[in-house]
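In what follows, a single structure is set out as structure tokens and then discussed.
Just so it is clear, none of the values below were taken in a lab; they were calculated from the coordinates. Owing to the predicted nature of the structure, the values given are computational and were not obtained by experimental measurement. Because the Cβ atoms are built from the backbone with ideal geometry, glycine has one as well, and the counts that use them run over all protein chains shown.
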Amino acid sequence: MIKISEIRKSDNKIVVLGNHESIIQSILDFDYLSGKKEGSISSIVTGRRGFAKYFWGRKEILVPTLASLSPLPFSLGPDHKLWLLNLLSGRRTNSATQEFFLNHPAAAGAALFAENVPELHAQDLIKQLDSKLVVGPSSIGLLIPGYLKLGPIGGITPDQINDSHLTEAGSIAILSASGGMTNELINIAMTCGHRLSFALSFGGDRFPILSPRDAFIQAEQDPKTKIVLYYGELGGDDEYELVKLKSEGLFTKQVIAHVAGTVSSLFPESPQFGHAKAKADSSKSTALAKRDALRSAGFQVSNSFSEFITLVSKLKSHYG
Amino acid sequence: MSRQKISEFSAKTALYPAFNLDFRGLAITQDTSVSEIAKHFGDTNLVVKVDQGIKKRGKLGLVKINLKPSEIPATIAVWAKQGWSNFLVEPVYEHDSSSEHYLSLIRVRTGWQINYSRSGGVDIESNWESITTKLPTKLETFLNNILIPELDSRHISFLEMNPIVERGDKIIPLDMAVEVDSAASDLSILPDRMLTKSEKEIAILDNHTPASLKFKLINPAGRIWMLLSGGGASLVLADEVADLDLGSELANYGEYSGAPSDDDVYAYTKIILTQLLESSSSKSKAIIIAGGVANFTDVAKTFKGIIRALSEKSQELNSQNVKVFVRRGGPNEERGLTLMQKFLNEKNLLGSIYGRSTPLTVVVSQVKEYLT
């Protein structure tokens, strides 16, 4: 699997599957504001050969649109890394993603945006793509300040990109189960004067292709990352994998973690909350049990979200 | 979506063929006549169960065995009084309780987690140490060659059979609990037990839009009403209400996300306001309109829908001492917040209003101050 530090050294090219103008424009805005010579959107697979109009700064540009995933209208050099941004619906996400990697076996990874990807399809993607960096399903993407914005992560307007300093690199990594909370954590870190090393949302599904464990290994191996801010939710047992990682000595950096979902104790039986995974089927998968497990493993864990904000605000500024 | 329960009737109808068995069960309600049951089964001994996805039915007295068709109405009349509405009738399968085994299959990241015990039956929880992942060879072959491919093709994520009994070549699941992956399965899922009118209305709304609109009524007399956006932020905000010891005042949980149209948000808000205004509590109330910093949901657009619904009810809201507390960030944040602030001020509904620069959970502390 490609490492975050390798992505920073590469010329990253994105193939977008599906049409979502504001997301695509936001990636070009990010590239432009990062001072890149050209945008990272290489082509958009719309089902029709032609061109789509976008802006590069104030200048209008034409981005090639394609009838299918291959062939691509450009050749990849040794410094290029190819990425897929899959914006298709849940039912089509698996087949289209598999087809992409079949046609472009050297591609580095993908972000899968759709909700409602069947569990069976997620299992299939996990089996087939374990050497690729694939965030999602139901992920808003992967962000490496100044280098790569693969998805709506961080916002879709130039104001959001500027206000959140998304083009300036720092030392905080944000790893989150929720798209909205990823952006909220970015907002908190920025308000406290920090900048990001990278941010990603693995999504709130039961079987994220890039698991929280994989994401923590990425953060451990990234020399720029000093601190991880983690947002998780009740349901599933991903946090116990993090506990194992820590106890095996495979993760050593500072973490501030929040696991949401204690409100479920107000209900006689855990209800299904917003995300597919967000339901405690057993006492082990409640928010409280997971907080305790993470805490005993040596992670810094907040008792409330207000406390999480306080813990972040007490961090020494590693930026600049 | 998520894992959802289906009825035992649907489960057995779907899966008995994989076991090479005929399913002879009948789904009944209080309206089913004795003659209908007798026609289906003849004069055999029957077992009747509540079939609404509830666990430990045996222990809760929601299973009765060795009934004749004529004895069934009296039994389900008792259950109906407790609020149950759907039942399953099957012929009694004579067997020795020592031949009852336990088998469950749970879909996990890398395949299936399979649990088996030779000592199944109602006391499985106290026999939990007998659970093993090792299966008899014949059973393992059946699972790998027939059952698991069937579960995959039907997008079943969880199957628990307690007990199963073996007779000759056959494996017979006497009881089945199934959860399907609602993102893909075409098996019909069980509704939550007894949805309220507002919950039903929002569920219908949710079914008719690609966006996500969720609502659970917790306490209709509660004083804190929430109109939240985003799966994660809504959970964090609901947690904060409980963390500040306001759990007993929490009226609802819910969230809208996935870039709903302003008409969707209008209809959603209106249902919640109608429910709020039915509240018998004469004390002041708070509406929390909040969410994280959105990635791509347009704040101004969704706020327009909310404002339209609020303005239709603004007089009644005033007379019930309702104040609105807002925190939201994202695309078109400033325009959305300005619109909302102007409206709330004009209608005398403003509690407080913030954008991204104020921490997500601050509104909850302000609500606490207002209510106490």
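Label points 7 Å out from Cα along the Cβ direction at B:L277 and A:Q254: separation in nm?
Here the modelled spin labels are 5.2 nm apart.
For a paramagnetic label modelled at 7 Å from the Cα of B:R24 toward its Cβ, which residues of region B:91-134 fall within the zone defined by backbone nitrogen distances under 15 Å?
B:91-95
What nm distance separates the two modelled labels at B:N145 and A:K244, each placed 7 Å from Cα along Cα→Cβ?
About 3.2 nm, to one decimal.
Note the full-extension length gain between B:A38 and B:S261 as 0.36 nm times their separation in residues minus their Cα-Cα distance, in nm to one decimal.
Answer, rounded to one decimal: 75.1 nm.
Please name which of B:Q52, B:V89, B:I37 has its Cα lying farthest along the dipole of region B:24-91 towards the positive end, using unit charges on Cβ (Lys, Arg +1; Asp, Glu -1) and the Cα centre as origin.
Checking the options against the dipole of region B:24-91, the answer is B:Q52.
From other protein chains only, count the Cβ atoms within 10 Å of every residue's Cβ in B:263-273, then give the mean.
0
In peptide A:152-165, what is the residue-averaged number of other protein chain Cβ atoms found within 10 Å of each Cβ?
Mean number of neighbouring Cβ atoms from other chains: 4.
With a Förster radius of 22 Å, plug the Cβ-Cβ distance of B:T132 and B:Y93 into 1/(1 + (r/R0)^6) and report the FRET value to the nearest 0.05.
0.30
Tell me which of B:L276, B:L246, B:Y370 sits at the most positive position along the dipole axis of region B:245-372, charges placed on C-beta atoms (Lys, Arg +1; Asp, Glu -1).
Comparing the listed Cα positions along the dipole, B:Y370 ranks first.
What is the magnitude of the charge dipole of chain A about its Cα centre, with +1 placed on the Cβ of each Lys and Arg, -1 on the Cβ of each Asp and Glu, and no other charges, expressed in debye to the nearest 20?
Here the size comes out at about 560 debye.
As a test of the formula, what do you get for chain A when each DSSP H run with n ≥ 4 contributes -39,500 (n - 2.57) and the sum is divided by the residue count, at 222 nm and rounded to the nearest 500 deg cm²/dmol?
Theoretical 222 nm ellipticity from helices: -9500 deg cm²/dmol.
May I ask you to list the GluC sites (Glu not before Pro) in region B:23-105 that are in a DSSP loop and have at most 14 other Cβ atoms within 10 Å of their Cβ?
The qualifying sites are B:E94.
In nm, to one decimal, how far is the B:S357 label point from the B:Q341 one, both placed 7 Å along Cα→Cβ?
Reported label-point gap for B:S357 and B:Q341 is 1.0 nm.
Can you give the charge dipole size of the protein assembly as shown about its Cα centre, rounded to the nearest 20 debye, using +1 on the beta carbon of Lys and Arg and -1 on the beta carbon of Asp and Glu?
Roughly 1340 debye, rounded to the nearest 20.
Could you rank the peptides B:153-160, A:282-289 by their average count of other C-beta atoms within 10 Å per residue, with the highest value first?
Those peptides, ordered most packed to least, come out B:153-160, A:282-289.
Averaged over its residues, how many other protein chain Cβ atoms are within 10 Å of peptide A:279-288's Cβ atoms?
1
Mind giving me the FRET efficiency for A:L62 and A:A106? R0 is 25 Å, r the Cβ-Cβ distance, nearest 0.05 is fine.
It comes to 0.40.
Any idea which of B:I306, B:G351, B:S234 is furthest toward the positive side of the dipole for chain B, if Lys and Arg beta-carbons carry +1 and Asp and Glu beta-carbons -1?
So the residue furthest toward the plus end is B:G351.
First measure r as the distance between the Cβ atoms of A:C192 and B:A80, then evaluate 1/(1 + (r/R0)^6) with R0 = 51 Å and state the FRET efficiency to the nearest 0.05.
The calculated FRET efficiency here is 0.30.
Tell me whether region B:210-277 comes out rounded, prolate or oblate; compute the Cα gyration tensor, take square roots of the eigenvalues as a ≥ b ≥ c, and use a/c under 1.5 as the rounded threshold.
It is oblate, given that a/c is not under 1.5 and a/b is not larger than b/c.
Fully extended, how many nm does the chain gain between A:K284 and A:L33 (0.36 nm per residue separation, minus their Cα-Cα distance)?
Taking A:K284 through A:L33 to full extension adds about 85.9 nm, to one decimal.
Taking 29 Å as the cut-off for C-alpha to C-alpha distance, list the pairs among B:K81/B:K270; A:K53/A:K81; B:K56/B:K134; A:K132/A:K244 that go past it.
Those over the limit are B:K81/B:K270.
Measure nothing fancy, just the Cα-based angle from helix A:90-103's long axis to the longest principal axis of chain A, in degrees from 0 to 90, nearest 10.
In chain A, helix A:90-103 runs at an angle near 60 degrees to the longest axis.
Once a ≥ b ≥ c are taken as the square roots of the eigenvalues of the Cα gyration tensor of region B:97-181, is the result rounded (a/c under 1.5), prolate (a/b larger than b/c) or oblate (a/b not larger than b/c)?
Judged from the Cα gyration tensor, region B:97-181 comes out prolate (a/c at least 1.5, a/b above b/c).
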